[in-house]
Amino acid sequence: MTLVTAGRVGKPHGLDGSFYVDTPRHELPEGLTIAISGRSYEINRRAGTDERPLIRLEGIDDPRALRGEVMLVDDELADDEWLASDLVGLTVVGIGTVADVIDSPSCSLLQVDDGTLIPFIADAVRSVDLEAREIRVNEGFFG
């Protein structure tokens, strides 16, 4: 199991500590333990929709201070999933080295050391080879 992004703490809702989850990437059922800023919390209320979950965490009375923070859950990575930390430092063949992975609203972006941003989507990225420490991109996507 690995800590993976489940979403971000979004807008508070009501007065009981509930908040919406921005960019949800996990089901977030009641009873699930999530990590925010290095601390663990249990989901004790789940409402809303899959696209716009509304949750309340045990021990959080006012989520405003956490707004925008990344929520992490223990999960297994699929064969076509990677941690951002695994991608930083890989060579993007013909372009440069991945300096950062940016979590944007629509997809993750690979930021290359020369400032180039590459959307981390199938149309742009052909392959990731962690052993060879390289990423191959679809050149036609950039031309």
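The values are calculated or read from the model by the stated rules, or taken from the named source; none is laboratory data. Every value quoted in this text rests on a predicted model; they were computed, and no experiment measured them. Note: ideal-geometry Cβ built from the backbone for every residue, glycine included; neighbour counts use all protein chains shown.
Things to note:
- Taking strands (runs of 3 or more DSSP E) as the structural unit, those lying wholly within the stretch 75-143 and holding at least 2 residues that are surrounded by 15 or more Cβ atoms within 10 Å (Cβ to Cβ) and among the β-branched types (Val, Ile, Thr) correspond to 96-103, 125-129, 134-137.
- Being free of Cβ contacts under 8 Å to residues at least 60 places away in the same chain, in the same structural domain as Gly10 (by TED's automatic domain parsing) and either exposed (fewer than 12 other Cβ atoms within 10 Å of the Cβ) or over 18 Å from Pro12 (Cα atoms) (or both) holds for only one residue in Glu51, Glu58, and it is Glu51.
- Among the residues of the stretch 14-26, those identified as touching a Pro at 6+ places or on another chain (Cβ under 8 Å) and either within 11 Å of Pro53 (Cβ to Cβ) or among the aromatic types (Phe, Trp, Tyr) (or both) are Ser18, Phe19, Tyr20, Val21, Thr23, Pro24.
- Qualifying residue in the stretch 131-143 (condition: modelled with pLDDT under 95, closer than 21 Å to Thr5 by Cα and outside the structural domain of Arg52 (by TED's automatic domain parsing)): no
- Hits in the stretch 98-129 - residues which are over 15 Å from the mean Cα position of the chain (by Cα) and β-branched (Val, Ile, Thr): Val98, Val112, Thr116, Ile118, Val125, Val128
- All positions within the stretch 23-45 that are farther than 17 Å from Glu58 by Cβ and either exposed (fewer than 13 other Cβ atoms within 10 Å of the Cβ) or in contact (Cβ under 8 Å) with a residue 24 or more places away in the chain (or both): Thr23, Pro24, His26, Glu27
- Restricting the stretch 68-93 to residues that are among the small types (Gly, Ala, Ser) and modelled with pLDDT under 90, the residue that is nearest to the chain's Cα centre (by Cα) is Ala84.
- Residue within the stretch 97-104 that is of a type in the set (A, V, I, L, M, F, W, C) and either touching a Ser or Thr at 6+ places or on another chain (Cβ under 7 Å) or closer than 30 Å to Lys11 by Cβ (or both) present: yes
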